[in-house]
Amino acid sequence: MSHTSDWDWNTGKRIISDINQWRKTFGWVEEPYASPDGESVAAIVKVDEMAFSVCENGTPWDSSFDKVWFLRYGPDNRAAALVSDTALWTVAVAGKTWENWFEFAWDAKFNTRNGHISVAAQKEMRYFAATNDIPWDTGFFNLSHLTASPDGASAAAVVQTRPINEADIAEFQKGCFTVAVNGRPWSENFLNIWEIAFNPKGDGVAAEARLSLNDYTIIVDGKPWDASFSSVWEPAFSPADGSVTAPVRVAGGWALARDGEILWKKQFYQLWHHIYSNDGSRIAAIASPKYGRWTLAVDDVPWKLTFKDLVTDPVFSPDGRRRACVGKTDGKWTIAVDGVAWDETYDMVWPPVFSPDGRHVAAKTEKNGIYRIIVNGREVAKDYQTLWNPAFSPDGEKILIRGIGRGEDAGKYVRSVLPLAKILG
């Protein structure tokens with residue numbers, strides 16, 4: 001796994017590769033992707049009449065395939081993709097394929113730590129997952145909602161354990177879905193299972209479930225909460241004590257429950273996407289305190305600031321003292337930090353990023369087709385055709401910007417490290 005402390009934090013600009021030259025070399029160049037450290041850029045390219053590969057920094061992989069799909073970089077800065085050859089699918093990492101091939105593979109989880117990769121797969125009419133080229137030894141009638149543990153070493157998914165005809169309502173109501181963890185299904189079936197969450201250690205799993213036509217609850221390691229509700233949203237484990245929380249629908253609105261009991265006393269028109277601070281001492285959630293308005297609620301207290309259209313991508317600072325989110329009103333997007341929105345609005349805004357010390361917030365934005373990085377509400381004086389999310393140096397004094405430039409850098413993938421003092425004055 002690559003750590004940001006290992007990256008090149010020398011200030012200055014480096015042109016890594018000229019994407020314009022790729023377009024002259026290959027008959028087809030798809031959307032590029034940049035590595036987290038900014039040292040590499042890759043794209044799916046057409047290398048022959050019916051052959052595709054991945055080009056990294058101007059050089060294609062040695063191998064080519066019938067199809068290449070879902071190219072991404074992991075935190076270990078290796079490019080990986082789903083690839084097809086002779087009607088079979090597998091994963092290719094840095095051009096090298098897994099040994100196992102499948103009739104189909106999808107829902108790849110490349111965003112885990114330590115280079116682990118999981119995919120959902122199907123072979124001989126059985127569905128399963130594979131992690132790091134090791135398929136589950138148990139197959140199921142269906143599989144969905146593949147989820148990787150925080151360290152990426154484990155995978156869980158919703159699986160169908162019994163066959164059922166589409167119109168057989170009676171059999172459906174008996175329950176035929178459960179969660180399988182590393183191929184081992186929970187002993188009890190349920191009507192429906194949806195979003196899955198691992199605990200921080202990766203040895204516990206919770207999921208939102210439907211017990212009957214009208215009853216919903218959270219299942220933790222196969223055991224339902226004692227209480228049920230008219231609806232629930234995705235659960236989360238507390239990093240502090242291992243308890244499980246989830247937004248639940250109660251008479252009059254939505255509240256946050258912990259281990260089946262109401263934790264937040266305040267009720268909202270809607271409450272979802274809750275997150276914990278790193279130490280587990282604080283909880284934030286997207287909330288609707290009144291009909292048609294959205295905000296962030298922290299420990300049951302909503303911000304006074306609200307948005308008309310939506311709120312998304314909540315995040316805590318590393319020390320848990322600050323929080324930020326994306327907000328949208330009348331089609332215009334912005335960033336809000338600690339209950340205060342940035343002055344400028346944009347056509348699009350991406351998730352905010354805190355510096356390690358929590359003092360600074362940066363985000364990728366787009367307006368009128370021009371992409372810019374914004375730090376603490378101030379624009380970095382550089383325009384791009386394409387950008388990726390920024391990253392702060394470990395000491396919080398510099399920022400890494402990865403993008404395809406404009407003007408003299410048009411079509412060129414550029415890696416820049418800027419001191420925050422220069423940006424913020």
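Only the coordinates and a few stated rules stand behind these numbers; no lab work does. Computed from a predicted structure; not experimentally measured. We place every Cβ from the backbone using ideal geometry, glycine too, and count neighbours over all the protein chains shown.
Side notes on the structure shown:
- Shape call, the stretch 278-335: gyration tensor on alpha carbons, a/c limit 1.5: oblate
- Note on Glu208, Glu124, Glu195: ascending count of other Cβ atoms within 10 Å places them as Glu124, Glu195, Glu208, the fewest first.
- Separation of the stretch 358-418 and the stretch 223-294, taken as the distance between their Cα centroids, equals 35 angstrom.
- Against the empirical 2.2 N^0.38 Å (N residues), the chain has a Cα radius of gyration ratio of 1.05.
- What the Cβ-Cβ distance of Ala227 and Trp272 gives, at R0 = 25 Å and to the nearest 0.05, is a FRET efficiency of 0.85.
- Put a dot 7 Å past the Cα of Ala410, heading toward its Cβ, do the same for Asp357, and the two dots end up 4.0 nm apart.
- Taking Lys46, Lys304 and counting other C-beta atoms within 10 Å, the order from fewest to most: Lys304, Lys46
- Other residues whose C-beta falls under 11 angstrom from the C-beta of Pro394 contribute a net charge of -3, scoring Lys and Arg +1 and Asp and Glu -1.
- Lys, Arg +1 and Asp, Glu -1 on Cβ, resulting dipole of the stretch 340-425 about Cα centre, debye, nearest 20: 220
- You can think of it this way: the chain between Arg282 and Arg378 has 31.7 nm of extra reach, that is 0.36 nm per residue less the Cα-Cα gap.
- Dipole magnitude for the chain: computed about the Cα centre from +1 point charges on Lys and Arg Cβ and -1 point charges on Asp and Glu Cβ, it is near 1240 debye.
- Mean Cα-pair separation over length for the chain, i.e. relative contact order, pairs under 8 Å, 6 or more apart, %: 9
- Inter-probe distance in nm under a simple model that places probes 7 Å from Cα toward Cβ, at Arg23 and Arg162: 5.7
- Gain upon complete extension [Ser243, Glu344; 0.36 nm per residue less C-alpha separation]: 32.4 nm
- Packing-based exposure ordering (other Cβ within 10 Å, fewest first) of Ser228, Ser212, Ser277: Ser212, Ser228, Ser277
- Across Lys46/Lys367; Lys13/Lys96; Lys109/Lys201; Lys290/Lys332; Lys174/Lys223, pairs whose alpha-carbon gap is larger than 22 Å: Lys46/Lys367; Lys13/Lys96
- Pair Asn189, Asp6: separation of 7 Å Cα→Cβ label points (nm): 4.6
- Considering only Phe316, Phe141, Phe392, the mean-square fluctuation computed in a Gaussian network model of the chain, springs between alpha carbons under 10 angstrom, is largest for Phe141.
- Cα gyration tensor, the stretch 232-305 - rounded (a/c under 1.5), prolate or oblate: oblate
- For Ala170 and Lys67, a Förster radius of 60 Å and the Cβ-Cβ distance give a FRET efficiency of 0.90, rounded to the nearest 0.05.
- Cα-based shape type of the stretch 286-403, given that a ≥ b ≥ c are square roots of the gyration tensor eigenvalues and the cut on a/c is 1.5: oblate
- Cβ-Cβ distance of Arg321 and Lys201, R₀ of 22 Å, FRET efficiency by 1/(1 + (r/R0)^6): the value works out to about 0.30.
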